[in-house]
1. Counting only residues that are among the hydrophobic types (A, V, I, L, M, F, W, C), closer than 11 Å to Val27 by Cβ and outside any loop (DSSP other than H, G, I, E, B), how many does the range 86-120 have?
2. Could you please let me know if Gln33 is without any contact (Cβ under 8 Å) to a residue 40 or more places away in the chain and polar (S, T, N, Q)?
3. So for the range 72-85 (the condition being surrounded by 15 or more Cβ atoms within 10 Å (Cβ to Cβ), on the phi < 0 side of the Ramachandran plot, modelled with pLDDT of 95 or more and more than 15 Å from the chain's Cα centre (by Cα)), does at least one residue qualify?
4. Name the pairs: first residue in the range 77-102 and closer than 26 Å to Glu19 by Cα and hydroxyl-bearing (Ser, Thr, Tyr), second residue exposed (fewer than 14 other Cβ atoms within 10 Å of the Cβ) and at pLDDT 95 or above, Cβ to Cβ under 6 Å, at least 6 apart or on different chains?
5. Answer yes or no: is there a residue in the range 44-59 that is at pLDDT below 95 and surrounded by 11 or more Cβ atoms within 10 Å (Cβ to Cβ).
6. All but one of (1) hydrophobic (A, V, I, L, M, F, W, C); (2) touching a strand residue (DSSP E or B) at 6+ places or on another chain (Cβ under 9 Å); (3) outside any strand (DSSP E or B) hold for Ala70; state the number of the condition that does not hold.
Amino acid sequence: MPVIALNPGYAGETRDRVENFHGNQLVYFGWDQHLLFCSPFTLPLPPDMPFGTMVSDVIAPLLAAHPEGAAIDWTQVQWLLGGEPFAPDADASLAVNGLGHKSLLRLRTPELRGVAGSCN
């Protein structure tokens, strides 16, 4: 994410470079129409992690805190990567699926609209 400095010639150290995460990369993750989570999660994940493992071992446990978390039908989930529809290969790594450092991954669950349809 670029930063625009107010002072010409400003130079600062970029601390969120991938090299600073010990082999992991940051992946931002959000659940559309579920604003009980007010902003995307920031997940430090290894690029060789299979997409399906990320879903089962990282994302599903995070979303379990939401009242609708247990109702997610993972076979019907719609994924977006960088705002574009995305059909992940569950067995392929995050890198092979195109998730890089600071990628934004979103999930949509059309049958679930938040607590009592409130988008929360």
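1. Here the count works out to 2.
2. no
3. yes
4. Ser93/Asp48
5. no
6. Result: Ala70 fails condition (2) only.
The values are calculated or read from the model by the stated rules, or taken from the named source; none is laboratory data. These numbers come from a predicted model, not from an experiment. Ideal geometry is used to build each Cβ from the backbone, glycine not excepted, and the neighbour counts take in all protein chains shown.
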